[in-house]
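Remarks on the structure that follows.
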Amino acid sequence: MTDDSVDMMEQTRNKIKLTFPVEGMTCASCVLRVEKALKGVTGVADAVVNLATESATVEIEPAKVSVDILKKAVTDAGYKIIDTADEVDPVRAETELREREYRNLRRRFIFGAILSLIVMVGSMPELFQFVKVVPLEIRNVTLMLLTIPVMFYVGGKFFKGFWTAAKHRTTDMNTLISIGTLSAFIYSAVATIWPNLFVSAGKPADVYFDTSAVIITLILLGKILEARAKLKSSEAVRKLIALQPVTAHLAADGGEIDVPLSIVQVGNVLRVKPGEKIPVDGKILNGFATVDESMLTGESVPVERTVGATLLGGTVCLDGTILIQAEKVGKESFVARVAKLVEEAQTSKPHVQRLVDRVASVFVPVVIVVAVISAAAWAIFGPPPVHALMAFVAVLIVACPCALGLATPTAIMVGTGRGAEMGTLIRDSDTLEQARKITSVIFDKTGTLTVGEMKVVEIIPFVGDPEAGNKISEDDLLRLSAVAEAHSTHPLGKAVVEEARRRGLNHALLENNSTENTSFKSFTGKGVEKITREDAGQRVLRVGKLYFVFPGEMPNSKFQEKVLQRMQELTASVLYVSSRCAPSDKPEILGAVLVSDYVRDDAASTVNRVKRLGLKTYLLTGDGEGAAKRIAELVDVDGYFANVSPEGKLNKIKELQSSGEVVAFVGDGINDAPALTQADIGIAMANGTDIAVESSDVTLVRNELSLVPRSILLSRKTIKVIKQNLFWAFFYNILLIPLAAGVFYPLTGWQLNPMFASVAMALSSVSVVSNSLRLKRIKIT
């Protein structure tokens, strides 16, 4: 197995993080054993093993250790690293391997169920009279022969695991199952082959082949249900990977060649046709298309994309044929990176699970001791020896640490998977634990509570003579402003042009800019000038600061007062507009256009939802007092901090933390990275910079602020499910082990039959996984 065949790989400074599937783990005891083996290897900084995903994540120093050494360490511990042959798509390869394993378990179960049913019928002559026709000796030998394949073929993996654990002088779930079923089988085999041993001792030579066969079959049924539930719990990653097509159309020599997606490289030009999935992240070189991005961004409305636009692999080209140039392929694509983050979160281990694993490591030896004591007590003081045997087998079978091992990781898997489906990427399980403790949420302003894009918020035509009224209409003022700003690259100028287009003034705009008799100049820090040559001469339009567009004194002070008042109220930037006809040097003021960043549609409702969760809300911004106060009032936060530098943001968070607050910070820019890192939970918006996303604990894939309270609520519900799982797992053992040992028998006559014990054991694991799967359906709004 080479480094490239490892499921996930992440280069972090001088260390490499690897995640690979492990075969042979059955319970929490196995988890601790594999972790111990990996951590014992020189060069391994940390190792986390997850029973639900049956995988190990190892952080290593590549100069000191190789994957082959890790593989040997796991093998020496009695387990096996699964070699996923598909190096390009190991997640898909591993999923197929798990599905094959599930089908194999199902075949063995069907075979075992048929034989076990025959054994059960043959063991109950009092219920099935036709069985008495067969002589007892022949009947018992037949039952033994039918039980052998159930024991050692259907239940082969249990005995193989038992032998491996025994060689390493340790115990696990396989130990309990194997000792329990072997005890009943050996007792019955002796009674079948040498019945006189029992007769001479005055004891009946009864056989319990049905106990062994049915226990193995029922436990296997539990494993099948568990495996199926695990497949469901990891659906999120599989759905993400399934978004990518298998092949791509490689453009070559005027035609195209269909090639496997795995061989597409950065720089390749690909053709995408109507109705097809876009194969890789890339930029449009030619063509126009309507693209459905809902599967990745959650935006239900298709978007139009043309030359220069960036497309994400996995989205769907609804119409139009386009040529794209591959920019990110394989593990670097958006889909692969999202899948990687989800997978890493699912394989991480919270602190509570580490404690559970330590408890489970001593659980099996304790159970064996309890079973031996129970058997000895009943053999000495109780009914016939068979009662002691049944108590011994029942205790071993019912007390399985599977539920303990699955309680936390299955909930983490489903919770993080549900988050990915919502559009929330949670970095690890510790983030889920911490998020439920949040007491305060701090929102950055620009790009978080506001859209981060400039927009025309008001148009104020100039009033000359108050009796004459406005010299120009709003639309005409906007049209002329847009004509002047048509070639501007400044955000304010772009906002003016966009508003003109939105109002349907783009026809006049294009018409004006199509003539060759125009010139455009941009004056940095001042504004822009557009000169149009007309029949009557030249017309000069200027848009920008007042002293630039109109050097003289404003002819109407009331107009200026109104502009300044609205500028303060809206915390907007002002673009004054003037016009003059050359060769006259006297400009005429036309009016003012106010441009401002604007609050997101869902900002106020998001803040309100956060407050209803019982959390305090704050606004943090580098803008002035006026802008901060206006936005704070619009979204109704509990408090705000204005004129805060990037370092100041970090210090404000520290102040809150020192007062006992658990702080979540929501931001999107490079200057937010320190604050995102300092906060107990850093939440990065989808439109944020790469460094902001890397510094965060939670990334919102969809550019929706409403995902913030939903993420917090999801963490609360996930931790609640984990607590429920752990409670029932411990309660199950606390209640059923005494029942199986016969503690209640003297008073109530209750004694747990080993076959019922196997049902209970299987149901304990299935119930834990099923409870976790509820997170897929729980309403999170």
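The values are calculated or read from the model by the stated rules, or taken from the named source; none is laboratory data. All values derive from a computational prediction rather than experimental measurement. Just the protein is used for accessible areas: all its heavy atoms, side chains included, with ligands, DNA and RNA removed. Shrake-Rupley method; radii C 1.70, N 1.55, O 1.52, S 1.80 Å.
Please list, ordered by chain and number, the residues whose modelled amide H lies under 5 Å from the amide H of V457; skip anything fewer than 5 residues away on the same chain.
When sequence neighbours closer than 5 places are left aside, the close amide H contacts are L594, V595, S596.
Could you list, in their original order, any pairs among K39/K437; K277/K331; K71/K328; K471/K558 whose Cα atoms are separated by more than 23 Å?
K39/K437; K71/K328
Along the range 363-377, what does the Karplus equation 6.51 cos²θ - 1.76 cosθ + 1.60 (θ = phi - 60°) give for ³J(HN,Hα), rounded to whole Hz, x for Gly and Pro?
For the range 363-377, the Karplus-derived couplings read 5, 4, x, 5, 4, 4, 4, 4, 5, 5, 4, 4, 5, 5, 5 Hz, x marking Gly and Pro.
So for K776, K526, what's the accessible-area order with a 1.4 Å probe, most first?
K526, K776
So who's got an amide H within less than 5 Å of the one on G452, skipping anything under 5 residues away but keeping other chains? H placed 1.01 Å off N, in plane.
G447, Y598
Taking the alpha-carbon distance from K526 and a cut-off under 21 Å, which lysines remain once sequence neighbours fewer than 8 residues away in the same chain are dropped?
Straight-distance partners of K526: K455, K494, K545, K586.
How large is ³J(HN,Hα) for each residue in the range 610-615, as worked out from phi by the Karplus curve 6.51 cos²θ - 1.76 cosθ + 1.60 (θ = phi - 60°), to whole Hz, x for Gly and Pro?
5, 5, 5, 7, x, 10
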